[in-house]
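Data first, discussion second: the structure below is written as structure tokens.
The values are calculated or read from the model by the stated rules, or taken from the named source; none is laboratory data. Since this is a predicted model, take the numbers as computed values, not measurements. Cβ atoms come from the backbone with ideal geometry, glycine included; neighbour counts cover every protein chain shown. Keep in mind that these areas ignore ligands, DNA and RNA; they rest on the heavy atoms of the full protein, side chains included. Shrake-Rupley method; radii C 1.70, N 1.55, O 1.52, S 1.80 Å.
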Amino acid sequence: MIIGLVVVLLLCPCLAVGGWFVLASNDSDDPAPTASVSAAPTESGPTEPAGPTEPAEPTLEPTTAEPTPTPTPTRAEQIVRGDCVVNDGTASDADLRKVACGPNTYEVLLRIPASTNGERCKSLAPESNANYVHDNSVDLFDYVLCLRKRN
């Protein structure tokens with residue numbers, strides 16, 4: 001029983017560090033698009049299952065299921081390192097919008113997940129001269145953008 005307790009106590013920090021790496025890797029420069037496909041039931045009734053190597057036949061009959069919209073992330077949640085943004089809001093209530101890089105835009109130098117400490121930009125991205133802090137009610141979805149004003 002003691003050995004099991006020791007194993008569990010050693011496993012928990014490893015899982016926490018692994019989760020942090022998954023969140024940190026979410027800040028990639030070239031995110032791959034994802035798509036999900038779901039089959040809707042048809043009015044024709046049950047069909048026989050296809051064999052393991054046979055492709056499923058498409059049906060031309062109308063479906064009764066309504067498509068459900070997939071939630072899209074807000075504008076600031078789509079911003080990653082290398083993007084440029086402008087603030088459509090105020091200094092105290094920022095509303096970032098992704099734009100083409102140019103004069104009077106802010107370049108995102110770093111995205112720090114699960115944090116609301118804008119001071120971390122000073123050490124992690126010393127060339128930054130501004131930051132944007134997103135404070136979500138769920139701490140896991142907090143993040144900081146370290147920004148540099150482009151002239």
Residue that is more than 13 Å from residue 146 (Cα to Cα) and in contact (Cβ under 8 Å) with a residue 12 or more places away in the chain, where the choices are 80, 108, 86:
86
Test result for residue 115, open to solvent by 80 Å² or more (accessible area, probe 1.4 Å) and small (Gly, Ala, Ser)
no
Mind listing whichever residues of region 125-151 are open to solvent by 90 Å² or more (accessible area, probe 1.4 Å) and over 20 Å from the mean Cα position of the chain (by Cα)?
126, 127, 129, 151
Can you pull out the residues in region 76-96 that are open to solvent by 70 Å² or more (accessible area, probe 1.4 Å) and either part of a loop (DSSP other than H, G, I, E, B) or more than 23 Å from residue 137 (Cβ to Cβ) (or both)?
81, 88, 90, 91, 92, 93
For a quick check of your reading of the model, give me the residue pairs whose first member lies in region 121-150 and is within 10 Å of residue 109 (Cα to Cα), whose second is of a type in the set (Gly, Ala, Ser) and open to solvent by less than 80 Å² (accessible area, probe 1.4 Å), with beta-carbon atoms closer than 6 Å and at least 6 apart or on different chains.
121/128; 131/118; 146/125; 146/128; 147/128; 147/130; 148/128
